[in-house]
Each structure stands twice: as structure tokens, then as C-alpha cells.
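*Asks:* Sharing a structure here in C-alpha cells format.
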Number of protein chains: 2
Amino acid sequence: MPGTVQSIERAAAILRMLAGGPGKLSLAEIARSLDLAKPTVHGILRTLQGVGFVEQDRVSGHYQLGAALLHLGTSYLDINELRSRSINWADPLAARSGEAVRIGTVLEGRVLVVHHVFRPDDTFQTLDIGTLMPLHATALGKVLLAYRSAALPPARDPFTHRTLTGERDLSAELTHVRDAGWAADIEEFTVGEAAIAAPIRGYGGLVVGAMGISGLVERICDSRYRPHARLVGIVRDAARAVSRDLGATR
Amino acid sequence: MPGTVQSIERAAAILRMLAGGPGKLSLAEIARSLDLAKPTVHGILRTLQGVGFVEQDRVSGHYQLGAALLHLGTSYLDINELRSRSINWADPLAARSGEAVRIGTVLEGRVLVVHHVFRPDDTFQTLDIGTLMPLHATALGKVLLAYRSAALPPARDPFTHRTLTGERDLSAELTHVRDAGWAADIEEFTVGEAAIAAPIRGYGGLVVGAMGISGLVERICDSRYRPHARLVGIVRDAARAVSRDLGATR
DNA sequence: GAACGGCATTCGACATTGTCGAACGCTGGG
DNA sequence: CCCAGCGTTCGACAATGTCGAATGCCGTTC
């Protein structure tokens, strides 16, 4: 691409590979995957190692992500306005709904979770901040898909037997999401779990994120697999409040 | 530096600047600080923007860290062995001590927090994972300083009136830390708070991190400002357990 | 124990790219 | 209205990044 720095793009591609796979990769694997000469990859990795973005395992010689990225990642969280505006509404939403709350935005064709409030109980939970989730199989993702102009994601893995993978099914679903103003995923991403999400708009009305709750399907839905209207209402109210904080007027 | 890719080093310097300052910087400020021509910085920023590491504010034209870094940062956490081995011991340590627990390692001349367990009560707390703390003014930092071969940090800000800033005072303190096998900071970083930390060793006995507790000084120390021996003991025990998990034999 | 294949790393030639001076248009402040 | 400083574009050219060839190491196989 003209006007950009090719070696920085290559370095970013290497970091994404390291983030997406088993954690550690050999120089040769990286070179093969990116179709680059080994000395080229070696120079890039040595530079990334020097700036702390990559570490090399002393025993195997393999490479992995480095500590400096953690600081950059959390610094990003500190300045992320979607997150800072959402925080005030996320705890009350978790309290009122009794479910886990997540806020997400689009990154690399998936949902990036930028804030996560645990379900207010003492079950074991893991923090999802920073994780990527599919757009087509989650409530957050369907909201983000519904309001963006890009095409449907080409890869639509069936996470459960209820995941919508067909283009027509998904398009119809997104039309419905736009009409209703919220989305649900009912055992489409995780068997036994359901979620409800609503759009967060920024200045000018553009959808900049989504806010949602998730929990066991029998808590989120009634006996006919329909999300409880009360829960839909409080999710939408909370998302609207965040939108107002962000300067949306619609 | 020969053998490394200069433009990647420059890109990393830009990202560190964005992480370290007020969050948003103008292209001109970055160019001045790094003594680079504006078109040079522009090309690097455009590339970083293309890969999601940087975003540009539509209104002011200023640049800030991008969402892709969050995913890289949390991916680093997922594979960080110091953290994965510490997790099992951190919760019990918080429970037994009744205090907040942090695990840290050295990054860019400071302490990088890689794990944090909240004090087990319902006071308001913020998650410190990814934050950087001073080496000279924290218990975690003093442990890390005591067992590394590098020189003392040149910048030794006085966070409180009790912070050790003199080279002789700090050197003497680090000798004491090595002798005792643990460190404390007693209102040296935060007025009203104290902390205790012990080294975590990796394979071969090298110190790869530190584990510590922190809380109100009147809970951590007795009336003569001495850390409670019971707390010192359980911190050291927990750190030794993590060390064993990491393959240290000492 | 020897041979082999594939690894990470180094070296140096050279072609490509990244750098940067000059210029431009825009915007906010005086 | 004017001006200073901004972000951005363009194109020349020097510096750098790329990569083929080679090397040494290590684990595996015979």
C-alpha cells in the first residue's frame, strides 16, 4: 500500500499471528505463514524484542508476545471513551439484571470486549476484557453488524446448532435487530447461555459500541425461548444512557 | 542500532509516547519530541492507524492508542507464565492476609503489574493490571531491584516524605532486602498505605517477578511501624510456592 | 557414532523503500 | 482579515530493509 511503512505492517502482522495462535511460534513458521524470507522475519523479531513487544523463549528459541504490550493495552483502556462513559452504567445494569455485563466494539471483524462486569454472585468467572468474539453469533456482535455498512463476515462458524450461519438468515435477523433496536443470542454462541444487547451511539448518532447482558438461558428467557421484556428494557435504557453521555442526541 | 529495523523502533517510540502522556498527542508534538520530520511521523502514524494500533480523533486531528493493542495486551496476559502460575496462590494469599495482592515484573525501568487480586472486602478498588509503578518506592519494586544486576533507576521521585531517594539509602535498603528475603514500603509510595513483597524465582533460581500485599499501614504494621511478622511469613510462603511451580529449586 | 534436515542467525550486495524538504490547504486565534 | 501552525501530499534520493547464501547448532534417524 503506498504511503504506509511496509515493515511496520509486517511487524503488526507478526504480532497478530502471535496473539491468535498457540502463543509461541518459531521464526520459520512465521516466515512461511507471511511468505517472507527468514532473515527478514529475524530482523523484525529482533527489533520487536528490543522494544519489549516480543520475547524469545531461551530453551526452544520460539517467540511470544512481550510485556510492553500489556501496558499499551491497558493504557488504551484508560483513554477509551466508550468504556469510560459505560462504566457508570454497567455496574447498576449488572445489579438490576443480576447478570454479567459486557461492552464491545468492532475490531478485526470481531467484537472486542472493552468492559466487563461480573454477574453479581460468587460463581467462578473469568474477565473477558480484551477478548475477541464472533460478530454473527453474539448479541453484541449482531448489534454491531446491524448498524455498520460493511458486508457480513465471510467466516460464520457454527458455535452451536442454533448459530445463524446462512447469509439470508443472518441478513433477516439484522433487519429485525434494526427494527427492534436490540439483539439477542439464544444459545447461538454458548450452549445453555443467552444474551441481550443494545446499541451505544456516539456523537452524530453513529453506533460506536454495544452493551449487553448474558447468563443462563432459563434466566434470560421465558419458557418459549423469548427474552424477558423487563431485561430487554433495562439493557436498552442503560445503552441509551451511555449514548447520551457520549453526546448522541437520537 | 545495526541489525534492527529503525522504522519499527520509531513506531514503538510513538506508541510509548501515546501511552505515557495525556492520551492524545498531535502529530507535531510527536515529531518535535522524537526529533523527526513531520512527513516521517505522518507515514508511521498512518501505518499504525491502518493496523489498529493508533486512532485519530476526527475533530482535533490528534492521535491516540488504538483498540488492537488491547487484544495484544490481554493475549500477552494469557500466555504469561509468571501470571498463570501465580493465580492459584494469589487468591488464597488475599484471603489469608485480608489484603490486596499484586504480582509484578520489570518493564522499562518500572514495575509492570501482571496480576492483581482485590482486597476481599467491598471497598471501591481499581484493577492495576497493566499499570507501571516505580521500582524505588514500592515493595514489589524494591524486591525486583534487589535481585537484578542493573544500576539503580536514575529518576527517584519522592512520592511521599518517606520515599527513599538517596543512592546510599536505597542501596543500603536493597542490601537489607537481599539479606531478609523480602521488602516493605511503609508509606513510601502512598500516604497511609504499606506493602510487603517477596521474590518469585524461575527455573535456575533467577528472580523473574515479585509477589506482594498492600493495605492500610495500621493493618500491615504494628504500632512501631514494623510489618507484622505473620504477614511477612505468609507472603514469603506464597512467593516460594509460585517459585516452585515455575521450576525454581532454591 | 555418523549423517542429515531444519532451525536461528549472520553477512553483505543491492534494490526498494522510508525519509524529509518544500509546498499546500485548512483552521483557529488575534 | 491576516497569520501561524497544523496535518497532509509530492517527489527526489539516500539510507535502509530485504533476502540469497552461508554458517553453526541441535534433535532425530539409522
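Okay, residues lined up against (1) open to solvent by less than 20 Å² (accessible area, probe 1.4 Å); (2) near DNA strand D (Cβ under 7 Å from one of its atoms):
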{"site": "B:E9", "(1), (2)": "no, no"}
{"site": "B:R16", "(1), (2)": "no, no"}
{"site": "B:L25", "(1), (2)": "yes, no"}
{"site": "B:R32", "(1), (2)": "no, no"}
{"site": "B:P39", "(1), (2)": "no, yes"}
{"site": "B:G50", "(1), (2)": "no, no"}
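*Asks:* Working only within region A:84-125, note down all residues that are under 15 Å from the mean Cα position of the chain (by Cα), within 11 Å of chain B (Cβ to nearest Cβ) and open to solvent by 40 Å² or more (accessible area, probe 1.4 Å).
*Replies:* A:V106, A:E108, A:R110
*Asks:* Shifting gears a bit: Which of the residues that make up region A:156-202 are part of a loop (DSSP other than H, G, I, E, B) and exposed (fewer than 14 other Cβ atoms within 10 Å of the Cβ)?
*Replies:* Answer for region A:156-202, where residues must be part of a loop (DSSP other than H, G, I, E, B) and exposed (fewer than 14 other Cβ atoms within 10 Å of the Cβ): A:D157, A:P158, A:H161, A:G166, A:V191, A:G192.
*Asks:* If I ask for residues that are part of a helix (DSSP H, G or I) and touching a Phe, Trp or Tyr at 6+ places or on another chain (Cβ under 6 Å), which ones from region B:52-74 would you list?
*Replies:* B:A68, B:L69, B:L70
*Asks:* State the number of residues belonging to region B:1-47 that are part of a helix (DSSP H, G or I) and more than 7 Å from every other protein chain (Cβ to nearest Cβ).
*Replies:* 22
*Asks:* Can you confirm whether B:P22 is within 11 Å of DNA strand C (Cβ to nearest atom) and outside the structural domain of B:V106 (by TED's automatic domain parsing)?
*Replies:* Spelling it out, it is not the case that B:P22 is within 11 Å of DNA strand C (Cβ to nearest atom) and outside the structural domain of B:V106 (by TED's automatic domain parsing).
*Asks:* Return the pairs, sorted by first residue and then second, in which the second residue is of a type in the set (G, A, S) and not in a helix (DSSP H, G or I), the first residue lies in region A:75-98 and is more than 17 Å from B:I129 (Cα to Cα), the beta carbons are less than 7 Å apart, and the residues are 6+ apart or on different chains.
*Replies:* A:L82/A:G209; A:A94/A:A100
*Asks:* Test each condition in (1) open to solvent by 10 Å² or more (accessible area, probe 1.4 Å); (2) more than 9 Å from chain A (Cβ to nearest Cβ) for B:D78 and report the one that comes out false.
*Replies:* (2)
*Asks:* Go through (1) on the phi > 0 side of the Ramachandran plot; (2) within 14 Å of DNA strand C (Cβ to nearest atom) one by one and return the number of the condition A:G52 breaks.
*Replies:* Here A:G52 meets the rest and fails (2).
*Asks:* Filtering region B:126-144 down to residues that are of a type in the set (V, I, T) and in a loop (DSSP other than H, G, I, E, B), which residue is most open to solvent (accessible area, probe 1.4 Å)?
*Replies:* B:T126
*Asks:* Within region A:55-88, restricting attention to residues that are more than 16 Å from DNA strand C (Cβ to nearest atom) and among the β-branched types (V, I, T), which residue is modelled with the highest pLDDT?
*Replies:* Here the answer is A:T74.
The values are calculated or read from the model by the stated rules, or taken from the named source; none is laboratory data. These figures come from a predicted structure and were not determined experimentally. Reconstructed Cβ throughout: ideal geometry from the backbone, glycine too, with neighbour counts over all protein chains shown. Ligands, DNA and RNA are excluded from the accessible area calculation, which covers all protein heavy atoms including side chains. Shrake-Rupley method; radii C 1.70, N 1.55, O 1.52, S 1.80 Å.
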